[in-house]
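Report on the structure given below.
The values are calculated or read from the model by the stated rules, or taken from the named source; none is laboratory data. As the structure is a computational prediction, the values presented were derived from the model and not from experiment. FYI the Cβ positions are ideal-geometry reconstructions off the backbone, even for glycines, and counts take in every protein chain you see. Heavy atoms of the whole protein, side chains included, go into the accessibility calculation; ligands, DNA and RNA do not. Shrake-Rupley method; radii C 1.70, N 1.55, O 1.52, S 1.80 Å.
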Amino acid sequence: MLIPIYKVLEKDEVRQFREHLDRATWQDGLKTAGTLASAVKRNLQLEDGTEPALSLGQHILRKLAANPAFVSAALPNRIYPPKFNRYQDGGTYGAHVDSALMQVPGTHVTVRSDLSATLFLAEPEEYDGGELEIEGPFGIQTAKLEAGDMVLYPSSSLHRVTPVTRGARVASFFWIQSLVQDEAPRTLLFDLDQAIQSLTPRVPADDPALLKLTGVYHNLLRHWAIT
Ligand code: NI
């Protein structure tokens, strides 16, 4: 399932990000591509662990930790430090599945990619093409969101970025190891939490049915979560 998380960054934060990113030094994305990916990957990336990637990435992680929709949808355990990419001049990334295990550079920490995230940092009007296409059980779903919005999708899915034929598509991307590895129970928990959140303002706080549903949510999470 493809889950949009809106307004991860406010527009003035996006503007500040772009001031840094538009004057940053970008390197060929092939430097970090595996053998298979190098055949289909045509983009630019910021070097990991250097400025401005480091501080912008930390800013994103702080915002995500305080974002209830993200926490509910992803149930994050570990998050790979956000990376940044830029597609222009026909840049594209053909169909691929993300690697399962990612070692965080400079550490012994491994992140299992359960969810992939793309945080859009260019407005859709700034570029043509650059759609993120994700293959799922109901066919291909497409994401091209406003700057500051993010999409979450299963890392196990086949996905691609269509060629950017005008302007530049700037984004941050990263992976999340979830407390609930499998997508099906994680999606059930998200649906249940959304329903409880929507009921909460409409019934008294001590409503027995609401208390029971909240208990079911936590007991299912206790059952499925692996820390
Ligand atoms: Ni990918």
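Filter region 167-185 down to residues that are open to solvent by 10 Å² or more (accessible area, probe 1.4 Å) and of a type in the set (Phe, Trp, Tyr) and give me whichever is farthest from Leu101 (Cα to Cα).
Here is the first cut: in region 167-185, the residues open to solvent by 10 Å² or more (accessible area, probe 1.4 Å) are 167-168, 173, 175, 177, 179, 181-185.
Add one more test, that the residue is of a type in the set (Phe, Trp, Tyr), and what stays is 173, 175.
Values: Phe173: 15, Trp175: 10 Å.
Per the criteria, the residue is Phe173.
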Let me spell it out: the conditions are (1) open to solvent by 70 Å² or more (accessible area, probe 1.4 Å); (2) assigned to a helix (DSSP H, G or I), and Ala205 meets all of them except one. Which number is the exception?
(2)
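In the list Pro82, Pro76, Pro105, which residue meets the criterion of being farther than 16 Å from His159 by Cβ, open to solvent by 60 Å² or more (accessible area, probe 1.4 Å) and not aromatic (Phe, Trp, Tyr)? Step through it out loud before you land on a result.
Values: Pro82 fails: open to solvent by 60 Å² or more (accessible area, probe 1.4 Å); Pro76 fails: open to solvent by 60 Å² or more (accessible area, probe 1.4 Å).
Pro105 is the lone residue from the list that is farther than 16 Å from His159 by Cβ, open to solvent by 60 Å² or more (accessible area, probe 1.4 Å) and not aromatic (Phe, Trp, Tyr).
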Only one of (1) surrounded by 15 or more Cβ atoms within 10 Å (Cβ to Cβ); (2) more than 15 Å from Arg86 (Cβ to Cβ); (3) assigned by TED's automatic domain parsing to the domain that holds Lys83 does not apply to Val164, and that is (2)
Ile140 passes all but one of (1) within 16 Å of the ligand (Cβ to nearest atom); (2) touching a strand residue (DSSP E or B) at 6+ places or on another chain (Cβ under 6 Å); (3) touching a residue at least 12 places away in the same chain (Cβ under 8 Å); which number fails?
(3)
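Can you find a residue that is without any contact (Cβ under 8 Å) to a residue 40 or more places away in the chain, farther than 20 Å from Phe70 by Cα and in contact with a Ser or Thr (Cβ under 8 Å, 6 or more places away or on another chain) anywhere in region 200-214?
Keep residues of region 200-214 that are without any contact (Cβ under 8 Å) to a residue 40 or more places away in the chain, which gives 200-214.
With the extra rule that they be farther than 20 Å from Phe70 by Cα, the set shrinks to 201-213.
Next, from what is left, pick out any that are in contact with a Ser or Thr (Cβ under 8 Å, 6 or more places away or on another chain): 210.
Scanning region 200-214 turns up at least one residue that is without any contact (Cβ under 8 Å) to a residue 40 or more places away in the chain, farther than 20 Å from Phe70 by Cα and in contact with a Ser or Thr (Cβ under 8 Å, 6 or more places away or on another chain).
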For region 118-133, name all the residues that are within 12 Å of the ligand (Cβ to nearest atom) and surrounded by fewer than 20 Cβ atoms within 10 Å (Cβ to Cβ).
Glu133
Can you tell me which residue within region 36-62, out of those that are open to solvent by 50 Å² or more (accessible area, probe 1.4 Å) and basic (Lys, Arg), is modelled with the highest pLDDT?
Arg62
Subset tally (residues that are open to solvent by less than 20 Å² (accessible area, probe 1.4 Å) and touching a Lys or Arg at 6+ places or on another chain (Cβ under 9 Å)) for region 134-149
4
Output the qualifying pairs, or none if there are none: Cβ atoms under 7 angstrom, residues six or more apart or on different chains, first residue in region 1-22 and over 16 Å from Ala74 (Cα atoms), second residue open to solvent by 30 Å² or more (accessible area, probe 1.4 Å) and in a helix (DSSP H, G or I).
Leu9/Lys63
Kindly list, by first and then second residue, each pair from a residue in region 95-117 that is assigned by TED's automatic domain parsing to the domain that holds Gly136 and away from the ligand (no atom under 14 Å from the Cβ) to a residue that is among the small types (Gly, Ala, Ser) and part of a loop (DSSP other than H, G, I, E, B), limited to pairs with Cβ atoms under 6 Å and residues at least 6 apart or on different chains.
Pro105/Gly49
Looking at (1) open to solvent by less than 70 Å² (accessible area, probe 1.4 Å); (2) closer than 30 Å to Asp191 by Cα; (3) without any contact (Cβ under 8 Å) to a residue 24 or more places away in the chain, which is the one condition that is false for Ala65?
(1)
Select, from Leu188, Leu115, the only residue that is surrounded by 18 or more Cβ atoms within 10 Å (Cβ to Cβ) and under 20 Å from the mean Cα position of the chain (by Cα).
Leu115
Where in region 122-186 are the strands (runs of 3 or more DSSP E), entirely inside, with at least 1 residues that are farther than 30 Å from Arg222 by Cβ and at pLDDT 95 or above?
132-136, 139-143, 159-161, 168-178
Exactly one condition in (1) touching a residue at least 40 places away in the same chain (Cβ under 8 Å); (2) touching a helix residue (DSSP H, G or I) at 6+ places or on another chain (Cβ under 9 Å) is not met by Pro52; state its number.
(1)
